[in-house]
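Structure first, then comments.
Every number here is computed from the coordinates shown, using simple stated rules; none is lab data. Everything numeric in this text was worked out from a predicted model, so none of it was measured. Glycine also receives a Cβ, built like all others from the backbone with ideal geometry; neighbour counts cover every protein chain displayed.
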Ligand code: IPE
Ligand code: IPE
Ligand code: MG
């Protein structure tokens, strides 16, 4: 068995609402519990030498949810960083984000920007929060930036994939190695379309609030047993 750790794990943290409903709780209780799972899985990834953990926290489609749920999700970053910032710093974790945070209330934006600022010199795991993120939106924005560069004569029309990828908001991150989606759904829901091109996908029925280190290790083990051929032959 190859013991190689995935450098970049991406997680579609799904099932918070169903987790809460099953317990007779409001959906928001599931989101709160799910935020605690981000903490424990980030620390576990850091301990295992994973370089990047990207978590899908709010999609460009999630604005369709009832206003009170959207409001709650907007307040979660404050809850999360108030509670765990010290621990993230102690663990040398660097916080980043992907997505157009301009659309969030000022307080939410400031909390996220301040977490990024306070941890920017940390050299452990990169914990990347995808907030108001959409994969198609990311590629569309990259195309806009690229077209502008062409018009200014700063980029060549015959661009290669590698050069184009530098216009993406995820350009600083390596491609996804392992993509996990919790709670039984088997779809990408517009997450990291470009960087997931050759990711290994693992779907688990476990709801995100119940996802733990043991589940993480099972997913990593399954990943390590796979043969990544990238179109070649083994
Ligand atoms: C994932 O859980 C969290 C977000 C999308 C913000 P859901 O809220 O989608 O939970 P389910 O899928 O309705 O159970
Ligand atoms: C994907 O989950 C988005 C996040 C986890 C933030 P959703 O629950 O919103 O996705 P769908 O509706 O099942 O595709
Ligand atoms: Mg869902």
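Right, residue 189: buried (at least 17 other Cβ atoms within 10 Å of the Cβ), within 16 Å of ligand 2 (Cβ to nearest atom) and on the phi > 0 side of the Ramachandran plot or not?
Answer is no for this residue.
Does the stretch 33-48 include one or more residues that are on the phi > 0 side of the Ramachandran plot and within 15 Å of ligand 1 (Cβ to nearest atom)? No, the stretch 33-48 has no match at all. Taking residue 137, is it within 14 Å of ligand 2 (Cβ to nearest atom) and farther than 28 Å from residue 81 by Cβ? Answer is no for this residue. Can you spot a residue in the stretch 165-177 that is assigned to a helix (DSSP H, G or I) and within 18 Å of residue 198 (Cα to Cα)? Yes - at least one qualifying residue is present in the stretch 165-177. Determine whether the stretch 74-90 contains at least one residue that is touching a strand residue (DSSP E or B) at 6+ places or on another chain (Cβ under 9 Å), surrounded by fewer than 18 Cβ atoms within 10 Å (Cβ to Cβ) and free of Cβ contacts under 8 Å to residues at least 24 places away in the same chain. Within the stretch 74-90, not a single residue is touching a strand residue (DSSP E or B) at 6+ places or on another chain (Cβ under 9 Å), surrounded by fewer than 18 Cβ atoms within 10 Å (Cβ to Cβ) and free of Cβ contacts under 8 Å to residues at least 24 places away in the same chain.
Here the stretch 4-35 is the region considered, the condition is being within 21 Å of residue 126 (Cα to Cα) and more than 16 Å from ligand 2 (Cβ to nearest atom), and the residue that is farthest from the chain's Cα centre (by Cα) is 4.
Restricting attention to the stretch 2-25, the residues that are on the phi < 0 side of the Ramachandran plot, part of a loop (DSSP other than H, G, I, E, B) and surrounded by fewer than 15 Cβ atoms within 10 Å (Cβ to Cβ) total 5.
If you go through the stretch 91-115 and pick out every residue that is within 22 Å of residue 47 (Cβ to Cβ) and loosely packed, with under 14 Cβ neighbours inside 10 Å, you end up with 1.
Yes/no matrix, rows are residues, columns are (1) within 18 Å of the chain's Cα centre (by Cα); (2) assigned to a helix (DSSP H, G or I):
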site: 63; (1), (2): yes, yes
site: 68; (1), (2): no, yes
site: 73; (1), (2): yes, yes
site: 78; (1), (2): yes, yes
site: 81; (1), (2): yes, yes
site: 86; (1), (2): no, yes
site: 92; (1), (2): no, no
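Checking 28, 60 one by one, the residue that is touching a residue at least 12 places away in the same chain (Cβ under 8 Å), surrounded by fewer than 21 Cβ atoms within 10 Å (Cβ to Cβ), within 13 Å of ligand 1 (Cβ to nearest atom) and farther than 26 Å from residue 173 by Cα is 28 and no other.
Within the stretch 184-232, being touching a helix residue (DSSP H, G or I) at 6+ places or on another chain (Cβ under 9 Å), in a loop (DSSP other than H, G, I, E, B) and more than 30 Å from residue 140 (Cβ to Cβ) holds for 204, 206, 207, 211, 212.
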